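The values are calculated or read from the model by the stated rules, or taken from the named source; none is laboratory data. Everything numeric here is computed off the predicted structure, so don't read it as measured data. Here the Cβ positions follow ideal geometry from the backbone for every residue, glycine too, while neighbour counts run over all protein chains shown. SASA here: full protein model, heavy atoms, side chains in, ligands and nucleic acids out. Shrake-Rupley method; radii C 1.70, N 1.55, O 1.52, S 1.80 Å.
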Amino acid sequence: MDDVRLIPLSALQHYAYCPRQCALIHNEQAWAENWFTAQGQQLHQRVDRGEPETRKGIRYERAVLVSAPQLGLSGKLDLLEIDLQSGQFCPVEYKRGRAKADDWDRIQLCAQALCLEEMKQTTVEQGILWYWQSRRREPQILDEPIRQRTLAVIAQVRTLFDSGQTPAARYQAKRCKACSLIDLCNPKLGKDRSAHYRQQLLNPDGTGGT
Ligand code: SF4
């Protein structure tokens, strides 16, 4: 089991956004920055810099690494709050935008909670989503439906990783316009430039390689 490839927590959100995006990033190692990803990175760098501290009975730990081999997940929590009296763990995920109607952010948060549960042999009842744009903490109860949805996404991402395949592009205007990989993906034209990107990575001088 030691050589099972752990799924990065970020891959779950990439998959929920677009399975093709997830495959391009995690199977093909493609990456490109756009305004949205750069702003997200900046936010996480600021969050990660804080020192651990204790205030009013709560311990705050930042950039906490988690690994859950049974689940097959690993990653980093932006912030972990620990109630020193009850021993309750509460993951906090920082997001660039504002609360969304869909489940993408809640799935990532729930996966963090599942990692903590496996590592600490405990139950994590709730997490927090903190939105930069609205400056709001949004408590999330991690109930059975979101747990089941999260486990289903983990299984789907595992299948995608194992297949090594990249799903075909399906143009969705709103998502594709905000996607940093749009130039590599070319969803409207149906021309996949990711193979060219891979070739450039392996053989940047175009000499044909080994
Ligand atoms: S451009 Fe659209 S189809 Fe292509 S990876 Fe991004 S979201 Fe998916």
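Structure notes:
- For the pair Gln156 and Leu65, label points projected 7 Å from Cα toward Cβ lie 3.0 nm apart.
- Coupling constants for region 86-98 follow from the phi torsions by the Karplus curve (6.51 cos²θ - 1.76 cosθ + 1.60, θ = phi - 60°), and in residue order they are 8, x, 6, 9, 9, x, 10, 10, 8, 10, 5, x, 10 Hz; glycine and proline get x.
- Selection from Gln21, Phe161, Cys176 lying farthest towards where the dipole of region 7-201 points positive, charges on Cβ: Cys176
- Probe 1.4 Å, all protein chains present, accessible-area order of Glu144, Glu93, Glu117, largest first: Glu144, Glu117, Glu93
- The share of accessible area on region 7-201 that comes from carbon and sulfur is 50 percent, using a 1.4 angstrom probe.
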